[in-house]
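Remarks on the structure that follows.
The values are calculated or read from the model by the stated rules, or taken from the named source; none is laboratory data. Just so we're clear, the structure is a prediction, and the values are computed from it rather than from any experiment. Here the Cβ positions follow ideal geometry from the backbone for every residue, glycine too, while neighbour counts run over all protein chains shown. SASA here: full protein model, heavy atoms, side chains in, ligands and nucleic acids out. Shrake-Rupley method; radii C 1.70, N 1.55, O 1.52, S 1.80 Å.
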Amino acid sequence: MSNRTSTRNKNKRQRSDNNAELINDLYRKIHLSGAVSKDEIRQLYMYEKPVCFPGCRVNTKDNLNCFCGLIPTLNGNRKSGLWQKTSEIVSSLGADPSKDTRDSLDTPAGLTNLGATCYANSILQFLYMNKSFREGVLSVEPEVLEQQPVLDKIARLFAQLHASKMAFVDSAPFIEALALDNGIQQDSHEFLTLLFSLLEQCLSCSKVSKARTVVQDLFRGGVSHVTKCSKCGNQSEASSNVEDFYGLELNVKGLKGLDESLDDYLSVEELQGDNQYFCSSCATRVNATRSIKLQSLPPVLIFQLKRCVFLPNTTTKKKISSAFSFSGQVNMARWLSEQSGSEMIYDLSAVLIHKGAAVNSGHYVAHIKDQDTGLWWEFDDELVSELGQHPFGGGSSTTPSKPAQSVPGGQSGPVEPKSVVNGNHTDASSSETNKHVQTFSSTDAYMLMYSLRNQTNGDRKSQMGSGELKVNGGACLPPHLLKEVDELNKSYEESCQQYNAKKDAKLALINERRLEVRSVISEAPVQSPTESFRWMSVDWLRQWADNISPTEIDNKPIQCVHGKVPVSKITSMKRLSTKAWNTISSKHGGGPALGEDDCCIECLMETARATVSADSYRDGRTSMRELAESALAGKCPDGQLYYVSKSWLGQWVRRRNIDLPCEADTGPTASIRCPHGSLMPEQAPGARRALVPENLWLFIYKSANEVKPDDMIGCSVFPYDSDVCPQCSVELTEVTSMEDTLRDFKLKQRQSHEKLALGKTVPLFSNNKYYLLPTSWLSKWRSHVTAVGKNASSTEEPENLNTVIESLKCEQHSRLLHRPPSLVRKRGVILQKAPTVDELTIITENDWILFCKDWNVNQEKGILAEIDLSNSVEDSMLGMSEDTPITEENVNNLDDANGETESQGPTVKTYPEVCEDCIGERESCELVRKLNYCNEDICICFVRGKEPPKYILEGSGNMEPTNRRISKRSRRTSYGNSVNLNVSGTTTLYELKMMIWQSFGIVKENQILHKGTKIVDGETATLADECIFPGDVLWVTDSEIHENRDIADELSDTKMEVQQLEGGFTGTLLTSNIGTQVVSQGCYN
């Protein structure tokens, strides 16, 4: 043990025992004199205590003049209330709307993400940043917008993005207008294509030329699918057809950059063999070529990179995350079907990025170039960040970049980047001349947008109507949209002003209250003995010092029944100077005002009386304690004696530091008083008693009556010569007789059934009769007859044997409902194989006859059993008669012998016979019940290239989860890695294999799962289908055939496919006929 001095409570001031003794002396003096002086009041109410103990950090309860700890230090704070951190007080007011203020109208605004709407936000930002498209949408007539809800919502959205003073705009009205599910991630390219189709229909009703065809003019190009006969050179009739496109879908897999993808897109396909083309000119199937020709290109060219591929082996989709390079400008002239001498230079204007490894999840962001300033911006829902002159922020200090190759302007060809920064983006540094272009590489780029140079964004001359107002350096908004945006801005500014005013008022109140509390606390101590003061409740004082808006003064908790201040409340109140009291009272009101003259003399006199009474009781108890200890030891003086409970008296002696009688002093004779009011016989349970002298009894009796007056039951008087209750004596004698009879019966049972009582194995013979009893009944019988001492009365008597025997037979056929136990041959002796596990136990005919006699059973109703040797291969060994000499020692050691043989052994024939029909039905129901489990554990053992332990092969190979006996050696063996998995009967093998994959890192295709010697194969079956029960031990090996891969890909793709079918935009306005109907009605009107 360490001798180090304990530092616990070292700063806590210890109470002085001398001070307590002094106070007790004062109370004794007051009780004797019957009067109280002012000096005694000052001492008892502790007026003279110092204002504060030196170094005091907390408020001291027994010092009425201590005000420390009521408020924190000068720079301190608390978790709540008045002294909470200012930042936390401000945050309790709610979000500060001014933090969402837009820096300037030159900074783009973001869009709110409603859950999984980042795909829509990225597309909307791309469309808005295209000046021509934005002006086209904003120029639509108000009456057309009223008829087209989707067009109206996108126009309002663009107006807010253009002139709102908030840093982000709510996209909910637009998403709700399209009936999109904001909790499902969708494909951004599919969304853009469907949105273009819907907007074309809606805009066709406008009479403004720049608005009516803005989608076609900016984004629509033309391609033709040309099939050419290799024999005659003629093209098919369909080759002259030109199909519209809004974006080119380019392959990414196996390709390094944009140039290679375009070449792959426009490559020539040979139609040969089974794919030969039927030429109408040649009138036969011939070899041919097929290709795509670009006939016309739009001002804004969109490339969709096909990063999503379908895996036929797993029927899932996977994202390709390989690096893909693309130039800052592309000359598309070389890829047009009709070559011209002029160039068609497209400049990179936007990059749509999909972050994440899974196809059906992740996050979309857009990097878009502002055509007026040339700056790139990252649009990540509400957050908009400036990237500088590079689309991936290469010029900023926050994004690392490395130089890649640069190619001369106008020159085409594949470009391979030198590096990929952090597996994401790399931008190429180049000279700022027109002879070189930048090349970028990305592993997440999903869509690329290019704008035709010299016609950037498809700009056309503004055709805004009259009455339109200009904002943001010349950009225009129609009056109806400008009015709405102005109202929103005004409402936003008002909310900012209201919040600021609320915050300022709150902080002003806080500062005012803090100054008030500190000022009052500094004036609170009473400085001189002659200064007047007021009593104040500590509880109210604490809440006044801690709360921002305290309640009125409440001194009622420190008042006694006489309306004054009792001395017992000195730890619940403080002495407050009259000046401090007046300051608080004038501001908060309440009361009552309690001063020096309000000390309660009556309560003080009662306390003095109680103190003297406690002294008297304590002294008397000390003297009586020696007599009680002698009484417990059986030593009593001569004179009148009385009985008390011996256990009660022992408890009374052990109690210490008792000042007044309490509940424990009651009931000294309760346990020795019988129900008839007389003395209980001492032989009764809990009725032991002790004799005490008269003076001790009178002290005990007086103390008990002070707590419970007139307690005739718990405090009955039993002198030494009191007679014992005759009725209770007779009853006690009868109970004793019954116990003796039961004891004799149990002894007779143990002697009559010696082997059954000891649980010994009974040797069986073929020419003897035996009977079957339920093992559960025998276990209860054995516990009942072998219980002795205190446990004899607590053991439960076995059930009625007649009822138990009848329950073994089926009602329909009156046959046996249980299969007879199995037998085993050891050293030439037939024994029951597992008597402790089997449902039935074999007993001898003599045991059965004695049971019938002792337990009132009809002997003929028993289940007769005989040993059948017809199937045994060793009849000569098993056909032993009862005269065969077998010593008791040999029989007792049979369980430990070796050479056990089970095949073709003896069997048990029963009368009545076994009812296979009822047993089969019961076992089927039991099997279904056992397989219908939920949240149970099974053990999976990973075996590396070796055979599993024997207990796994034998134990887990059983079809039913019977009670398995596993050797101690097997239980101690630690074989490979094992893990418990929580499963249900409905868990599929696929789900189980995924758990094993996650636990051991074995891909599901390599797992060879076993239950015993049986291989568990497949993925769709459930554990119940394979008869896998709770607690089963399965083992798995790794075939190492398939290559290891990350489980995250399997989990993410599978999870999304299981949880929801890919419905795309089914059920939304993008795929319904509502949009077409609305457009048609609007056009005809």
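Can you tell me which of S197, S224, S188, S209 is of a type in the set (G, A, S), over 30 Å from A357 (Cβ atoms) and in contact with a Ser or Thr (Cβ under 9 Å, 6 or more places away or on another chain)?
After ruling out the rest, the residue left standing is S224.
Residues considered: K306, K317, K256. Of these, the only one that is under 55 Å from the mean Cα position of the chain (by Cα), open to solvent by 60 Å² or more (accessible area, probe 1.4 Å), within 19 Å of A357 (Cα to Cα) and in contact (Cβ under 8 Å) with a residue 60 or more places away in the chain is K317. Contact annotation: residue pairs with Cβ atoms under 6 Å, 6 or more positions apart or on different chains, pairing a residue in region 370-385 that is without any contact (Cβ under 8 Å) to a residue 60 or more places away in the chain with a partner that is of a type in the set (A, V, I, L, M, F, W, C), are W376/L387; E378/L387.
Residues that are out of contact with any helix residue (DSSP H, G or I) (no Cβ under 9 Å at 6 or more places or on another chain), among the hydroxyl-bearing types (S, T, Y) and within 29 Å of M344 (Cα to Cα): does region 122-136 have at least one? Within region 122-136 (the criterion being out of contact with any helix residue (DSSP H, G or I) (no Cβ under 9 Å at 6 or more places or on another chain), among the hydroxyl-bearing types (S, T, Y) and within 29 Å of M344 (Cα to Cα)), the answer is no, since none of the residues qualifies.
Scanning region 127-174 for residues that are part of a helix (DSSP H, G or I), surrounded by 19 or more Cβ atoms within 10 Å (Cβ to Cβ) and touching a Lys or Arg at 6+ places or on another chain (Cβ under 9 Å) gives L127, Y128, M129, S132, E135, G136, V144, L145, F158, L161, H162, F174. If we scan region 458-479, do we find a residue that is at pLDDT 75 or above, basic (K, R) and open to solvent by 20 Å² or more (accessible area, probe 1.4 Å)? No, that holds for no residue. Specify the residue that is surrounded by the fewest Cβ atoms within 10 Å (Cβ to Cβ); the eligible residues are those in region 182-197 that are closer than 14 Å to H363 by Cα and either of a type in the set (D, E) or in contact with a Phe, Trp or Tyr (Cβ under 7 Å, 6 or more places away or on another chain) (or both). So, considering only residues that are closer than 14 Å to H363 by Cα and either of a type in the set (D, E) or in contact with a Phe, Trp or Tyr (Cβ under 7 Å, 6 or more places away or on another chain) (or both), the one surrounded by the fewest Cβ atoms within 10 Å (Cβ to Cβ) is D187.
When residues in region 540-555 are screened for being farther than 22 Å from P566 by Cα and assigned to a helix (DSSP H, G or I), 4 of them pass.
If you take the residues in region 335-370 that are among the small types (G, A, S) and part of a strand (DSSP E or B), which one is most open to solvent (accessible area, probe 1.4 Å)? In this case the residue turns out to be S349.
Scanning region 209-228 for residues that are at pLDDT below 90 and either assigned to a strand (DSSP E or B) or surrounded by fewer than 17 Cβ atoms within 10 Å (Cβ to Cβ) (or both), which turns out nearest to the chain's Cα centre (by Cα)? Checked region 209-228; the qualifying residue nearest to the chain's Cα centre (by Cα) is H225.
The set of residues in region 556-579 being open to solvent by less than 60 Å² (accessible area, probe 1.4 Å) and either out of contact with any strand residue (DSSP E or B) (no Cβ under 8 Å at 6 or more places or on another chain) or more than 30 Å from A508 (Cβ to Cβ) (or both) consists of I558, Q559, C560, G563, V565, P566, V567, I570, S572, M573, R575.
Only one of the numbered conditions (1) more than 16 Å from L840 (Cβ to Cβ); (2) open to solvent by 70 Å² or more (accessible area, probe 1.4 Å); (3) more than 50 Å from the chain's Cα centre (by Cα) is violated by E796, and that is (3).
Does D598 satisfy the criteria of being in contact with a Pro (Cβ under 9 Å, 6 or more places away or on another chain), surrounded by 15 or more Cβ atoms within 10 Å (Cβ to Cβ) and not polar (S, T, N, Q)?
So D598 passes the test.
Considering (1) within 18 Å of E249 (Cα to Cα); (2) out of contact with any strand residue (DSSP E or B) (no Cβ under 6 Å at 6 or more places or on another chain); (3) of a type outside the set (G, A, S), the lone condition that E338 does not fulfil carries the number (1). The condition of being without any contact (Cβ under 8 Å) to a residue 24 or more places away in the chain and within 19 Å of Y47 (Cβ to Cβ) holds for only one of K569, K574, that being K569. Counting the residues of region 1-59 that are part of a loop (DSSP other than H, G, I, E, B), modelled with pLDDT of 70 or more and closer than 19 Å to M573 by Cα gives 8. The sole residue among I1047, I1074, I1041, I1002 that is at pLDDT 85 or above and either open to solvent by 80 Å² or more (accessible area, probe 1.4 Å) or aliphatic (A, V, I, L, M) (or both) is I1002.
Against the list (1) open to solvent by 70 Å² or more (accessible area, probe 1.4 Å); (2) modelled with pLDDT of 85 or more; (3) not in a helix (DSSP H, G or I), the condition E806 fails is (3). Scanning region 527-539 for residues that are under 21 Å from P72 (Cα atoms) and open to solvent by 10 Å² or more (accessible area, probe 1.4 Å) yields V538, D539. Selection of first residues in region 227-239 that are over 17 Å from S337 (Cβ atoms) and of second residues that are aliphatic (A, V, I, L, M) and in a strand (DSSP E or B), restricted to Cβ pairs under 6 Å at least 6 apart or on distinct chains, gives the following pairs, ordered by first then second residue: C229/V286; C229/A288; S230/A288; K231/V286. Can we say K826 is open to solvent by 70 Å² or more (accessible area, probe 1.4 Å), touching a residue at least 24 places away in the same chain (Cβ under 8 Å), in contact with a helix residue (DSSP H, G or I) (Cβ under 6 Å, 6 or more places away or on another chain) and among the charged types (D, E, K, R)? Considered against the rule, which asks whether it is open to solvent by 70 Å² or more (accessible area, probe 1.4 Å), touching a residue at least 24 places away in the same chain (Cβ under 8 Å), in contact with a helix residue (DSSP H, G or I) (Cβ under 6 Å, 6 or more places away or on another chain) and among the charged types (D, E, K, R), K826 comes out as no.
For region 914-944, filtered to residues that are among the hydrophobic types (A, V, I, L, M, F, W, C) and without any contact (Cβ under 8 Å) to a residue 12 or more places away in the chain, the residue that is nearest to E866 (Cα to Cα) is C925.
Listed by first and then second residue, the pairs linking a residue in region 335-361 that is on the phi > 0 side of the Ramachandran plot to a residue that is surrounded by 18 or more Cβ atoms within 10 Å (Cβ to Cβ), with Cβ atoms under 8 Å apart and 6 or more places separating them unless they lie on different chains, are G356/K319; G356/G362.
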